[in-house]
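Asker: Provided herewith is a single structure, encoded as structure tokens, for subsequent inquiry.
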Amino acid sequence: MGEIINYWTFIYGPLAIFLVGVYGLLTQKNLFKLVISINIMDLGVNLYIIALGYMDNASAPIYTAKLAVTSSRFVDPVPQALVLTSIVISVAVTAFVLALVIKNYEKYNTLDLIKIKGIEND
Amino acid sequence: MKKFWAIITVLLILFFLGSGLIPDLKIYKQNNLSQKTGKVYLNRTVNDDSPFKEIDKKLYGEANDVENNAANSVTSVIVDYRALDTLGEVTVLFLAITGVIALLGKSKKNNRILFEKPNYILNASSKILLPLIVLFGFYIFIHGHITPGGGFQGGTIVAASVLMMYFAQNNYKLKNNRMKVLESFSGLSFLIFGLLGIFIMGDFLQNFLELGIMGKLFSGGLIPIIYILVGLKVSAELSNVVYEFMGEE
Amino acid sequence: MNSLYIASIFIFVVFVLSILAIESKNILKSILFLSAASIFTAIIFVVWKAPDVAMTEAAIGAGFTTFLFFIAYFKVDKLEKEN
């Protein structure tokens, strides 16, 4: 049972959240829903990268007066730095894409991707 | 029918990604840092009662030569070892904000979003809360090398205060030209400190100040200075995004 | 009950919330579900000993992005009423 929970927590849970985002990108037609799907993919990837650096019985990578004894009992700080970068990039991309969505609505008066492309829905 | 094919595609991706990942479960939880990092990093210690104290004794509050003397290791990765990455990250943020301003800035339909008339309590309390939120943001990015936090988080909190003013008062207007000046000033100062590193020490963004004592506010050399600049830049940029999204009168 | 089980439960919560965010018909509801998923992700980061990332996720992912979505939705709504 513990093994199954490990697999779910560290690999398949983040992967499942990522794939929910892929499913949303494939099925949704509303432009806001597409941006939300990209954000959900971000969440899954960030969880996966943080899980790579996790260690049992370790402490957060900050030197304090009482808690941390040596840095060999820290969790790995490098994935955390990468994910911090990724979150900030994701908010920049989201702001830009939302500006594009608003401009798109001003031009086409619709949020539906099918109507914008001019393809008949079957 | 469309959803059926979408689910089939997702399951195929799950099969290929998942089957490749199964043998790697061993690396979780028994992550051995000694295979990734050097002995110098592993034997760093900040307490007296450590088994490694004969090898490398560094006391919290007294030590003065642990590589860059930032208590927060994530901050030292972001601003010291990989500071060039942070410069690129700030550039990406700047480019995205430039795109937002180019798309929404001169639009004729870009009128201000007005809400229902806010009542007196909301109006007055938002003015009281504004300096407190700005102070909290500044606290977070000034103490980024000692406690969790840093420029990006603190900058977002400062921008959130602008967001609150826009939601609480219908006649509030951000002075966005000052924000642009602040943003370009802090971005330029980041580059200038990097170039000073070349002239004084020989490498871009290399530390040339005194390292100080670990755990004190004035420690870590260039780290707090660069994180304060990043915090000012991020707060100005995100405030400008709020200004452009809410529209002008 | 160690922290591993807490993290597994919260990952399941994030999974359910993200499905709800994609499948709900109302855009405002799906923005709120995305914000809730972001907050639970921040809690998982705290359990996994990453306080820096948790702060960033809570401030940027759950706070700022949600309000950007809201403002963009209000703007589109206003344009729809004008036409």
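No value in this document is a laboratory result; all are computed from the given coordinates. Keep in mind it's a predicted model, so treat the numbers as computed, not measured. Every residue, glycine as well, gets a Cβ built from its backbone with ideal geometry; the counts of neighbours run over all protein chains shown.
Asker: With the alpha-carbon atoms as the only input, what is the per residue convex hull volume for the range C:3-82 in Å³?
Answerer: That works out to 58 Å³ per residue.
Asker: Stick to the Cα atoms of the range B:141-226, pair each with every other, and give me the Kirkwood hydrodynamic radius in Å at one decimal.
Answerer: Kirkwood radius, the range B:141-226: 15.2 Å.
Asker: Now, a different point. State, to one decimal in nm², a quarter of the convex hull surface area for the C-alpha atoms of the protein assembly as shown, i.e. the direction-averaged projected area. Could the numbers behind the result be given before it?
Answerer: Numbers: hull surface 99.1 nm².
Here the figure is 24.8 nm², rounded to one decimal.
Asker: May I pose another question? Normalising by the residue count of the range B:73-246, find the relative contact order in percent from Cα pairs under 8 Å and 6+ residues apart.
Answerer: Across the range B:73-246, relative contact order equals 31 percent.
Asker: Further, regarding this structure: Any idea how far the Cα center of the range B:79-104 sits from the one of the range A:1-57, in Å?
Answerer: Cα centroid of the range B:79-104 versus Cα centroid of the range A:1-57: 25 Å apart.
Asker: Return the distance in nm (one decimal) between the two label points of a simple spin-label model at B:Leu191 and A:Asn109, each offset 7 Å from Cα along Cα→Cβ.
Answerer: 4.6 nm
Asker: Taking beta carbons within 10 Å but only from partner chains, what does the mean come to for residues C:30-43?
Answerer: The shielding value for this peptide is 3.
Asker: While we're here: Once you keep just the Cα pairs under 8 angstrom separated by 6 or more residues, what percentage relative contact order results for chain C?
Answerer: Values: 68 pairs, mean separation 21.9, N = 83.
In percent, rounded to a whole number, it is 26.
Asker: Identify the trypsin sites (Lys or Arg not before Pro) of the range C:1-76 meeting these criteria: DSSP loop state and at most 11 other C-beta atoms within 10 Å of the C-beta.
Answerer: Those satisfying the criteria are C:Lys25.
Asker: What is the packing order of peptides B:73-80, B:182-189, taking the mean over residues of other C-beta atoms within 10 Å and listing the highest first?
Answerer: B:73-80, B:182-189
Asker: Label B:Ser125 and A:Asp56 with points 7 Å out from Cα along Cα→Cβ: what is the distance between them in nm?
Answerer: For B:Ser125 paired with A:Asp56, the spin-label model returns 4.7 nm.
Asker: Quick one: helix C:3-23 against the long Cα principal axis of chain C, what's the angle to the nearest 10°, folded into 0 to 90?
Answerer: For C:3-23 against chain C, the angle is about 20 degrees.
Asker: Using the Karplus curve 6.51 cos²θ - 1.76 cosθ + 1.60 with θ = phi - 60°, work out ³J(HN,Hα) for each residue of the range A:34-48 in order, rounded to whole Hz, and write x for Gly and Pro.
Answerer: In residue order, the calculated couplings are 5, 5, 4, 5, 5, 5, 5, 4, 4, 4, x, 5, 4, 4, 5 Hz.
Asker: What ranking, highest mean first, results for peptides A:6-17, B:91-102 when packing means the other Cβ atoms within 10 Å averaged over each residue?
Answerer: A:6-17, B:91-102
Asker: Here's something else I'd like to know. According to the Cα gyration tensor, what semi-axes, each the square root of 5 times an eigenvalue, does the equivalent ellipsoid of chain A have, listed from largest to smallest in whole Å?
Answerer: Over the Cα atoms of chain A, the semi-axes work out to 40, 19, 7 Å.
Asker: Turning to a different aspect of this structure: How high is the relative contact order of chain A, in percent, with contacts defined as C-alpha pairs under 8 Å that are six or more residues apart?
Answerer: 24 percent
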